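Every number here is computed from the coordinates shown, using simple stated rules; none is lab data. All figures in this text were calculated on a predicted structure; none of them were measured in a lab. Every residue, glycine among them, receives a Cβ derived from its backbone with ideal geometry; neighbour counts consider all protein chains shown.
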Amino acid sequence: MSMEVKIHKKLGEYELDVYWKSKKKRIGILGASGSGKSLTLKSIAGIEHPDKGYIRIGEHILYDSDSGTCLKPQKRNVGYMFQNYALFPAMTVAQNVGAGLSGDKKKKQEQVEKMIRHFHLEGLEKRLPRELSGGQQQRVALARIMAYEPSVILLDEPFSALDVFLKDRLQQEMMELLSDYDGTVILVSHSRDEIYRFSEELLVIDDGKQICYGDTKEIFDHPKKVEAARLTGCKNIVPAERLDAHHVRIPDWGTCLHLKQMIDVDITHIGLRAHEFIPVWGEREDNCIPVKVKGKAEFPFEWKYFLKGETEESDDICWYVQKTLWAELEEKGIPDYLKLPEKEILLLK
Amino acid sequence: MDAVIEILKGLDYSPLYVSLKTGIVATIFSFFLGLFAARKVIKAGPKVKAIADGILTLPMVLPPTAAGFFLLLLFSRRRPFGILLYEEFGIKVVQAWAGCIIAATVIAFPLMYRNARAAFEQIDVNLIHAARTLGMPEYKIFWKVAVPSAGPGLVAGTILTFARALGEYGATSMLAGNIPGKTGTISQRIAMVIQDGDYMTAGIWVVIIMLVAFVLIFLMNLVTGRNMKNIRRW
């Protein structure tokens, strides 16, 4: 099923503008808090109304400002999973799952039982939501949505309320439960890991503005824009001055990079992910920056170094060191230079 | 002690029935009207909200006799609306039991309305949104999601409403009068016997109404206890 969404909404100073068209079944929306991710989802579900634009799912027009179409949420056939799951507190699990069903009692009963089985909720039918664990609540919320057989499911930060231990397992579980769902699923998150794992195509928004839309892996590999690089987790982004087609100067790091690839005229920044630096001891090689250690944080599987570049005002350089390199670092001490491998350098606009 | 038993035996119990009937019926009216008004006001824009809220709360702030004055103006059989009610529908409000109910409902209604509104406003709005995206019709969302979620607040409002309706005096005495067996409520009876200097009978009625109020509130808490389970101690 294809989906085309164009939304413009103004809320005081804040403006949201997004557009995408996709035939993919798994779409991610990545953005910081307050960037307009939830507002986008709510507009699709009909909880919020955009000022302008249209929302089409297959042949179905949910909203179109030109023709004045704006279906009620009840008529959109769009399932919405809230961050806090929004289970009805006074209803049992079975009643919650059946809440969206109407008509024949027997059919309703059968559908509820089917969902209870599919979502491994046997034995919990008579419980109230507050008597369930976080993971169980999430399954009930999903079962309630799936029972209603929506054509689109919207997941609004579904894992952010869970602790780290549960998160990983539930992400896997959710993927499995959704694997035989035929409709489109849109996942909204500020977690790049979740988005990367889940989505085929990705919309990146920052402060209401659409940064990019496209293939998820492509965006992570080549973010192209500063905001996209930052949101996909690039820790080191610095201003760059293009000197010619193969040279770029980095004032913050007091160095000049020589690249084999062509550098576009409108490049303003370069980025490098924190674990891509290569330590160099002794002689300075090409594309190296001299560094001094400012701080270090030790994590179970990673060391994080915060390094100072050429100028005092420049942002810290982040360098994440995997366990495999620890021994070498202990032996040789802090490297004199960090090398930027050309393949990993992100040229950003 | 014998004197008390003597009085209890000879007591005219009609005020008890009139008060109970009035209290219960007025509470039922106030309950539904309060829920309805609360729902409408929550939906309204800020300006309409402020005005509607002021008008709906007015009977609680006004002295009951002032409310009685307005009610008399409206329902008097010498005025158009009162004439219409009586001649077209045969409904008599002034100096009748209907007057008791109307007076008690009007005075007690703001308590129900305000509590219902506060309870509804505190519902997690995502519950309502979720219900809508699940295709639930609005009336079903209201009764199956909003009302149970607002349960404890609504119970509190109902209890306060009943308490207020049961003890209503000022507006009732003006609109319905104090006709023994018809509109003579306990609070009116107490005032009447006090005027006669009969403190013993007044005291007995005070004890009776205290018992009634206590038992009914206890029962109400018991019946709605299932919903109260949602509340955590702290």
Checklist entry - What are the ³J(HN,Hα) values, in whole Hz, obtained from phi via the Karplus relation 6.51 cos²θ - 1.76 cosθ + 1.60 with θ = phi - 60°, for each residue of segment A:91-101 in sequence order, with x given for Gly and Pro? => result 9, 6, 4, 4, 5, 4, 4, x, 4, x, 8
Checklist outcome for this item: Whole-Hz Karplus couplings 3J(HN,Hα) for segment A:109-122, θ = phi - 60° and coefficients 6.51, -1.76, 1.60, Gly and Pro as x, run 4, 4, 4, 4, 4, 4, 5, 4, 5, 4, 9, 6, 10, 4
Checklist entry - Once segment A:236-348 is represented by equal point scatterers at the alpha-carbon sites, with solvent omitted, what log10 I(q)/I(0) does the Debye formula produce at q = 0.12, 0.15, 0.22, 0.24 Å⁻¹? => result -0.41, -0.64, -1.27, -1.45
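What does DSSP give for the protein assembly as shown in terms of the percent of beta bridges that are antiparallel, rounded to the nearest 5?
On the way: 60 of 79 bridges.
Looking only at bridges with both residues in the protein assembly as shown, the antiparallel portion is about 75 percent.
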Checklist entry - Mean projection of the alpha-carbon convex hull of chain A over all orientations, in nm²? => result 21.8 nm²
Checklist entry - Hey, got a sec? Which trypsin sites (Lys or Arg not before Pro) in segment A:96-140 land in a DSSP loop and have at most 12 other Cβ atoms within 10 Å? => result A:126
Checklist entry - Using a ≥ b ≥ c from the Cα gyration tensor of segment A:1-119 (square roots of the eigenvalues), is it rounded, prolate or oblate, where a/c under 1.5 gives rounded and otherwise the larger of a/b and b/c decides, a/b for prolate? => result prolate
Item to check | Relative contact order (%) - criterion: Cα under 8 Å, at least six apart; region: segment A:57-181 | outcome: 35 percent
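Rounded to the nearest 5, what % of the DSSP beta bridges within chain A are antiparallel ones? Provide the component values of the computation, followed by the final result.
On the way: 60 of 79 bridges.
Counting only bridges with both partners in chain A, antiparallel ones make up about 75 percent.
Using Cβ contacts closer than 10 Å as the measure, can you line up A:27, A:47 from fewest to most?
On the way: A:27 25, A:47 22.
Going from sparsest to densest Cβ surroundings: A:47, A:27.
Over chain B, calculate the relative contact order: mean separation of alpha carbon pairs under 8 Å at least 6 apart, over the residue count, as a percent.
Result for chain B is 29 percent.
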Checklist outcome for this item: Interchain or sequence-distant (5+) residues whose placed amide H lies within less than 5 Å of the amide H of residue A:225 are A:349
Checklist entry - In Å, what is the Rg of the alpha-carbon atoms in segment A:267-328, and how long is Dmax? => result 12.5, 38
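Remind me, relative contact order of chain A in percent, using alpha carbon pairs under 8 angstrom and six or more residues apart? Write down the numbers at each step before the final one.
Details: 692 pairs, mean separation 56.1, N = 349.
Over chain A, the number comes to 16 percent.
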Checklist entry - Using modelled backbone amide H atoms (1.01 Å from N, in-plane), which distant-in-sequence or interchain residues come within less than 5 Å of residue A:206's amide H? => result A:211
Next on the checklist: Students often forget the sequence filter, so: which lysines lie under 17 Å Cα-Cα from residue A:323 once same-chain residues fewer than 8 apart are removed?
Outcome noted: A:296, A:304, A:332
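Quick one: which of A:25/A:349; A:21/A:217; A:23/B:43 span more than 27 angstrom between C-alpha atoms? Please report the intermediate quantities before stating the final value.
Numbers: A:25/A:349 30 Å; A:21/A:217 18 Å; A:23/B:43 38 Å.
Beyond 27 Å: A:25/A:349; A:23/B:43.
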Next on the checklist: Can you give me the C-alpha center-to-center distance between segment B:1-37 and segment A:36-105, rounded to a whole angstrom?
Outcome noted: 49 Å
Next on the checklist: Kirkwood hydrodynamic radius, computed over distinct alpha-carbon pairs, for chain B: how many Å, to one decimal?
Outcome noted: 19.5 Å
Checklist outcome for this item: Of all GluC sites (Glu not before Pro) in segment B:113-204, the ones in DSSP coil with at most 10 other Cβ atoms within 10 Å are none
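According to the square roots a ≥ b ≥ c of the eigenvalues of the Cα gyration tensor, what is the shape class of segment B:1-117, taking rounded for a/c under 1.5, prolate for a/b larger than b/c otherwise, and oblate for the remainder?
Note, shape of segment B:1-117 comes out oblate.
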Item to check | FRET efficiency for residue A:165 and residue A:267, using Cβ-Cβ distance with R0 set to 45 Å, rounded to 0.05 | outcome: 0.60
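Please arrange B:172, A:184 by counting, for each residue, the other beta carbons lying within 10 Å of its beta carbon, fewest first.
Values: B:172 31, A:184 22.
Ranked by crowding around the Cβ, least crowded first: A:184, B:172.
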Next on the checklist: Just to confirm my numbers, what's the Cα centroid distance between segment B:49-101 and segment A:114-179 in Å?
Outcome noted: 54 Å
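Count neighbours as other Cβ atoms within 10 Å of each site's Cβ, and list the chymotrypsin sites (Phe, Trp or Tyr not before Pro) in segment B:94-148 that are DSSP loop with at most 10 such neighbours. All intermediate terms of the calculation are to be shown ahead of the outcome.
Working: sites: B:97, B:113, B:120, B:139, B:142, B:143; in loops: none.
Passing both the DSSP loop test and the Cβ count: no residue.
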Next on the checklist: Assuming 0.36 nm per residue, please report the length gained on full extension of the stretch residue A:19 to residue A:64 beyond their Cα-Cα distance.
Outcome noted: 14.8 nm
Item to check | FRET E, pair residue B:58, residue B:218, Förster distance 22 Å, beta-carbon r, rounded to 0.05 | outcome: 0.10
Checklist entry - Principal axis lengths of the protein assembly as shown from Cα atoms, whole Å, largest first? => result 114, 56, 48
Next on the checklist: Could you derive backbone 3J(HN,Hα) for segment A:123-139 from the dihedral phi with the Karplus parameters 6.51, -1.76 and 1.60 (θ = phi - 60°), listing whole Hz in sequence and x where the residue is Gly or Pro?
Outcome noted: x, 9, 3, 8, 6, 8, x, 6, 8, 10, 7, x, x, 5, 4, 5, 5
Checklist entry - Ratio of Rg to Rh for segment A:58-212, alpha carbon only, Kirkwood? => result 0.98
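Ranked by Cβ crowding within 10 angstrom, fewest neighbours first, how are A:169, A:56 ordered? Don't skip to the answer; put the middle values down first.
Values: A:169 11, A:56 16.
In order of increasing Cβ crowding within 10 Å: A:169, A:56.
Shape verdict for segment B:12-75, please, from the Cα gyration tensor: rounded (a/c under 1.5), prolate (a/b greater than b/c) or oblate. Please report the intermediate quantities before stating the final value.
Details: a/c = 3.45, a/b = 1.72, b/c = 2.01.
Oblate.
Enter the per residue convex hull volume of segment B:153-207, computed from alpha-carbon coordinates, in Å³ rounded to the nearest integer. Walk me through the intermediate numbers first.
Details: hull volume 5.1 nm³, N = 55.
Spread over its residues, the Cα hull of segment B:153-207 gives 93 Å³ apiece.
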